[in-house]
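Participant: Supplied in structure tokens, the structure appears directly below.
Values in this text are rule-based calculations from the coordinates and carry no lab data. Every value quoted in this text rests on a predicted model; they were computed, and no experiment measured them. Here Cβ is always computed from backbone atoms with ideal geometry, including for glycine, and neighbour counts include all displayed protein chains.
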Ligand code: FRU
């Protein structure tokens with residue numbers, strides 16, 4: 001892949017290695033994306049916080065490294081809050097500081113939590129002289145996510161969730177000033193045993209839009225260990241009273257995404273109107289260091305707005321793309337393809353577009369949608385009404401031999417609604433994202449197709465429908 005063959009609306013650094021999103025924060029009109037970054041190479045190491053900003057979450061502007069590693073300190077994942085009341089005394093009431101809470105890794109491998117602060121709106125950062133602020137003498141204590149919690153009686157405090165990775169626990173701490181932290185409680189271990197827990201997040205969402213009924217969602221990234229390295233995310237729904245999180249009896253450990261490449265997703269703090277927007281690393285530790293891109297390596301998922309709905313079986317986390325189609329595509333270039341039985345509808349769609357699929361299924365019918373198709377093969381999105389399964393097959397997607405675990409097909413059950421299937425699919429060069437069942441099911445997968453993989457095909461054994469193809473173009477507004 002040449003450097004021009006990069007996604008349009010999914011953030012990639014101009015050069016070098018990137019993994020987790022860090023410090024996602026909205027402040028005065030600007031979304032800040034910090035990220036795990038190696039300023040010196042295209043593989044993991046020299047971990048520092050890279051920085052990019054956006055005003056619309058689709059066009060990103062890369063800035064100089066925000067928090068740099070030193071010979072005695074690696075800068076691992078963490079979060080940023082706007083300290084509006086200057087509780088940390090690292091700024092002033094007139095000019096509230098942005099405070100980054102990150103994991104500092106010392107040369108002996110001990111992981112502690114440390115602060116950096118910015119008094120210019122998140123551009124220049126200074127490390128706090130009193131670091132670290134939290135030390136358990138542990139080699140696996142990391143990924144602090146901090147938020148402001150207000151109790152029903154109106155008292156507010158800072159809460160941190162961080163992992164003891166190999167113990168499979170999330171630890172909860174509270175603080176009045178971001179510098180002194182009190183241990184409150186822990187969550188876990190539960191779920192699969194042969195994994196580490198990473199990058200937690202904890203936030204409230206209204207159930208079915210009812211602001212009077214808030215439930216708390218705990219996001220956890222889990223990564224297999226040893227030969228079983230494989231990255232995925234799960235969530236739990238429960239209650240939180242400022243001290244401890246209690247899993248709801250109707251909540252269970254549920255996958256966040258059904259593809260292979262959605263990890264370390266956390267949410268922006270400070271977004272107006274209580275909107276919850278998550279962004280993940282579209283990557284998997286299993287083969288992250290082998291992905292065939294240069295001089296950059298690492299891509300973010302598209303941002304997704306989160307909501308929560310009550311279902312017959314419990315709760316479902318809903319993910320909706322934040323993408324504003326009007327700003328990223330041109331209506332006059334939109335193409336509509338009929339879904340008919342028999343020979344497939346085919347078009348040259350390029351490699352960057354958004355699809356909306358609306359299909360009235362026939363009895364015992366199979367829908368097959370090929371994206372990034374060409375002489376090499378394709379990425380196939382399939383739906384089978386007999387089993388009610390949606391699948392994403394990248395076994396013939398182009399470069400698949402980067403790792404033995406890459407050539408996979410994944411599937412999960414998705415119900416038809418009134419006999420219909422509706423999907424939104426974002427294809428952006430090397431990232432394919434599917435939003436199904438009104439956002440209750442997503443797939444995020446990387447695919448490394450050759451430059452001529454521009455064919456789009458759709459066919460069904462029966463049933464009728466339409467695929468609407470909206471080509472992506474360079475985002476209109478630039479963010480400073
Ligand atoms: C998750 C993770 C974090 C850690 C960071 C290091 O992908 O392993 O737990 O802070 O990446 O780059």
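Participant: Before we move on, is residue 242 assigned to a loop (DSSP other than H, G, I, E, B) and within 15 Å of the chain's Cα centre (by Cα)?
Facilitator: No.
Participant: Taking the residues in segment 195-208 that are over 18 Å from the mean Cα position of the chain (by Cα) and away from the ligand (no atom under 16 Å from the Cβ) as candidates, determine which candidate is nearest to residue 147 (Cα to Cα).
Facilitator: 206
Participant: Please determine whether any residue of segment 219-239 is more than 15 Å from the ligand (Cβ to nearest atom), touching a strand residue (DSSP E or B) at 6+ places or on another chain (Cβ under 7 Å), outside any strand (DSSP E or B) and more than 30 Å from residue 409 (Cβ to Cβ).
Facilitator: No, there is no match, as no residue in segment 219-239 is more than 15 Å from the ligand (Cβ to nearest atom), touching a strand residue (DSSP E or B) at 6+ places or on another chain (Cβ under 7 Å), outside any strand (DSSP E or B) and more than 30 Å from residue 409 (Cβ to Cβ).
Participant: Which of (1) touching a helix residue (DSSP H, G or I) at 6+ places or on another chain (Cβ under 8 Å); (2) within 27 Å of residue 294 (Cβ to Cβ) does residue 401 not meet, given it meets every other one?
Facilitator: Here residue 401 meets the rest and fails (1).
Participant: Identify, from the list 190, 141, 183, the residue that is under 20 Å from residue 263 (Cβ atoms) and surrounded by fewer than 17 Cβ atoms within 10 Å (Cβ to Cβ).
Facilitator: Exactly one residue qualifies, and that residue is 190.
Participant: A further question follows. Inspect segment 395-409 for any residue being under 30 Å from residue 218 (Cβ atoms), part of a strand (DSSP E or B) and in contact with a strand residue (DSSP E or B) (Cβ under 8 Å, 6 or more places away or on another chain) and give the result as yes or no.
Facilitator: Yes, segment 395-409 contains at least one residue that is under 30 Å from residue 218 (Cβ atoms), part of a strand (DSSP E or B) and in contact with a strand residue (DSSP E or B) (Cβ under 8 Å, 6 or more places away or on another chain).
Participant: Could I ask something else about it? Considering (1) surrounded by 16 or more Cβ atoms within 10 Å (Cβ to Cβ); (2) part of a loop (DSSP other than H, G, I, E, B), say which one residue 470 fails and leave the rest.
Facilitator: Answer for residue 470: the failing condition is (2).
Participant: Which ones in segment 69-81 are in contact with a strand residue (DSSP E or B) (Cβ under 7 Å, 6 or more places away or on another chain) and either surrounded by fewer than 18 Cβ atoms within 10 Å (Cβ to Cβ) or closer than 19 Å to residue 283 by Cα (or both)?
Facilitator: The first filter runs over segment 69-81 and keeps only residues in contact with a strand residue (DSSP E or B) (Cβ under 7 Å, 6 or more places away or on another chain), leaving 69, 73-81.
The answer is 76, 77, 78.
Participant: Give the residue that is surrounded by the fewest Cβ atoms within 10 Å (Cβ to Cβ), with candidates limited to residues of segment 12-40 that are farther than 24 Å from residue 117 by Cα and more than 16 Å from the ligand (Cβ to nearest atom).
Facilitator: If we take residues in segment 12-40 being farther than 24 Å from residue 117 by Cα and more than 16 Å from the ligand (Cβ to nearest atom), then 14 is surrounded by the fewest Cβ atoms within 10 Å (Cβ to Cβ).
Participant: Can you name every residue in segment 49-69 that is within 16 Å of the ligand (Cβ to nearest atom) and part of a strand (DSSP E or B)? Lay out the reasoning, then the answer.
Facilitator: To start, the set of residues in segment 49-69 that are within 16 Å of the ligand (Cβ to nearest atom) comprises 49-51, 65-69.
Hits for segment 49-69 are 49, 50, 51, 65, 66, 67.
Participant: Could we say that residue 46 is within 12 Å of the ligand (Cβ to nearest atom), over 16 Å from residue 282 (Cβ atoms) and surrounded by fewer than 22 Cβ atoms within 10 Å (Cβ to Cβ) here?
Facilitator: So residue 46 fits the description; yes.
Participant: Look at segment 152-176 and say how many of its residues are more than 15 Å from the ligand (Cβ to nearest atom) and touching a strand residue (DSSP E or B) at 6+ places or on another chain (Cβ under 8 Å).
Facilitator: Going residue by residue through segment 152-176, those that are more than 15 Å from the ligand (Cβ to nearest atom) are 152-159, 172-176.
Still in the list and also touching a strand residue (DSSP E or B) at 6+ places or on another chain (Cβ under 8 Å): 156-159, 172-176.
Final tally of qualifying residues: 9.
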